[in-house]
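To start, the structure under review is shown below, and the notes come after it.
Read-outs: derived from the displayed coordinates by stated rules, not from any lab. Since the structure is predicted, the reported quantities are computational estimates derived from the model, not experimental observations. Cβ placement follows ideal geometry from the backbone for every residue including glycine, while neighbour counts extend to all protein chains displayed.
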Amino acid sequence: MRILGPDTLVFGVDDVERCAIFLTDYGLAPKGDGAFEALDGTGVVIRHRDDPALPKWPLPTANQLRKTIYGVEDRAVLDEIAQELGKDREVKFLPDGSIEATDDSGFVLGFQISVRRAPALPAEQINAPGDARRGVNVLGAPASFDEPPPLPRTLSHVVYFVPDTDKAEAFYVNRLGFRVNDRFDGMGPFLTPQGTLDHHTLFLIRTPPVMQGCDHFTFHMGGPSEVLRAGYAFAAKGYESFWGPGRHRFGSNWFWYFNSPLGCHIEYDADMDQLDDSWVPRVAPAIPENSQEFLFQWRETWAPGGPPTAQS
């Protein structure tokens, strides 16, 4: 099944206006009717949590992610998914041509022919002794202090809290063709569908049933400098950093997480490992040293001994 990855996350929220400002400040473009898009057309939709158009959340936890919509390669993939999931559960055929079903953990899933369009932007380049890739007279840092922060390029991944990660994993692997690329022992697997080489588009974390819901979601940036620049600008607007900036060990992606009014965390990430079917999954204890290769902490002091004074 050529599922490419998540196209859209649909949230029911308490304060639509506050969330709209938050997502715009994060870097997503408002498109009307509660939709916010990254550069490739993937994005987030927000509705008030009592909106009757939202899928119901069947469990007593306060999860506000009501639907994860995956993009697929073509109509044939939609038909394949509908046939497979229709063996033991209801599959809804919606007026927009997409289909909808519920996974074995209670999360509502949508599937549509993907809206993704490749952004015509280069990746970050570096200059290193013996391999100068950025080139002569090409600047790595912005030439102007007024240059706006970089924008999110594409929806990267979503992370679920689930009480039974084995059950959840079996659904995505056996029914939708996802593969496990790595695993934190006692926590859960990193999963990705057949239509992408990303290390993961879904991570499952084992938690008590009272916590079931969305832990976080993230968008890919163009490189580590873009993660830092976007996160720095976001923090300067008063948003609270939760974790980062740093770099993960599994996936190798750079990260910076922030608290959000959507009932979960939001992240900037970049430079995720690309893996194919020959990759041998790793298993490691779920300890901080395996989650983060290193972690920065933001400080007011920007030079040894503090900022220069007029007498320096």
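Could you tell me the largest-minus-smallest coordinate of the C-alpha atoms of the stretch 221-286 on each of the three principal axes, in descending order and whole angstroms?
Computed over the Cα atoms, the extents are 43, 25, 18 Å.
How many percent of Cα pairs in the chain exceed 36 Å?
18
By the gyration tensor of its Cα atoms, with a ≥ b ≥ c the square roots of the eigenvalues, what is the shape of the stretch 149-238: rounded for a/c under 1.5, prolate for a/b over b/c, or oblate?
Because a/c hits 1.5 or more and a/b fails to exceed b/c, the stretch 149-238 counts as oblate.
Which value, in nm² and rounded to one decimal, describes the direction-averaged projected area of the C-alpha convex hull of the stretch 115-269?
Mean shadow area of the hull around the Cα atoms is 11.8 nm².
How compact is the stretch 118-189 by the rule of thumb for globular proteins, expressed as Cα Rg over 2.2 N^0.38 Å?
Ratio of Cα Rg to 2.2 N^0.38 Å: 1.82.
What does the highest-first list of 91-99, 112-120, 147-155, 70-78 look like by mean Cβ count within 10 Å?
Per-residue mean Cβ counts within 10 Å order the peptides as 147-155, 70-78, 112-120, 91-99.
How fast does the stretch 1-118 diffuse by Stokes-Einstein, in µm²/s, taking the Kirkwood radius from C-alpha pairs at 25 °C and 0.890 mPa s?
Diffusion coefficient, whole number: 164 µm²/s.
First measure r as the distance between the Cβ atoms of Ala35 and Phe171, then evaluate 1/(1 + (r/R0)^6) with R0 = 30 Å and state the FRET efficiency to the nearest 0.05.
0.60
Report, for the stretch 36-185, the % of DSSP beta bridges that are antiparallel, rounded to 5.
Antiparallel: roughly 65 percent of the beta bridges in the stretch 36-185.
Using the per-residue mean of other Cβ atoms lying within 10 Å as a proxy for protection, in what order, highest first, do the peptides 176-183, 124-131 fall?
The most tightly packed comes first, giving 176-183, 124-131.
Arranged from highest to lowest average of other beta-carbon atoms within 10 Å per residue, in what order do the peptides 244-253, 23-32 appear?
Most protected by this proxy first, the peptides run 244-253, 23-32.
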